[in-house]
1. Quick one: in the stretch 72-99, which of the residues that are in a strand (DSSP E or B) and either among the β-branched types (V, I, T) or in contact with a Phe, Trp or Tyr (Cβ under 6 Å, 6 or more places away or on another chain) (or both) is surrounded by the most Cβ atoms within 10 Å (Cβ to Cβ)?
2. Condition first: assigned to a helix (DSSP H, G or I), of a type outside the set (A, V, I, L, M) and under 17 Å from H71 (Cβ atoms). Now tell me which residues in the stretch 12-41 satisfy that.
3. Out of the residues in the stretch 40-60 that are hydrophobic (A, V, I, L, M, F, W, C) and under 12 Å from V6 (Cβ atoms), which is surrounded by the most Cβ atoms within 10 Å (Cβ to Cβ)?
4. Kindly provide the set of residues from the stretch 61-71 that are more than 13 Å from the chain's Cα centre (by Cα) and surrounded by 14 or more Cβ atoms within 10 Å (Cβ to Cβ), ordered by number.
Amino acid sequence: MYAVCVTFHIRLDAVDQFLTRMHQQARDSLSKEEDCYRFDVCSDVDRPGVVFLYELYKDRNAFDEHSRSDHFLSFNSEVAPLTLEKAVSTFQDVSVGLK
């Protein structure tokens, strides 16, 4: 599996707008992409402008397809003006353990 972790720093006046669009993006990714297994959206309790994503894909190719999808490209252009900073990290050979 292939994990993607993204940290966004959002303009404080745009957090609600960003989160609304971000949650739609998560739903779209999970429903439209067979090889997107998980898409968590997390808000930082102590820093309201920080949003963390944890995404899990079948493999790197699935993530590359996600990055080229119409729904991602639309999302990315819509939230760009709301975003102050974005950091992306990727990890492969992910082992998932659930209790």
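1. T83
2. F18, T20, R21, H23, Q24, Q25, R27, D28, S29, S31, K32, listed by residue number.
3. Step by step, filter the stretch 40-60, then rank; the result is V51.
4. Residues satisfying the conditions are A62, E65, S69.
Here, each number is a calculation from the coordinates, and none is a lab measurement. Small disclaimer: the values here were computed from a predicted structure and weren't measured. All Cβ positions, glycine included, derive from the backbone under ideal geometry; neighbour counts span all protein chains shown.
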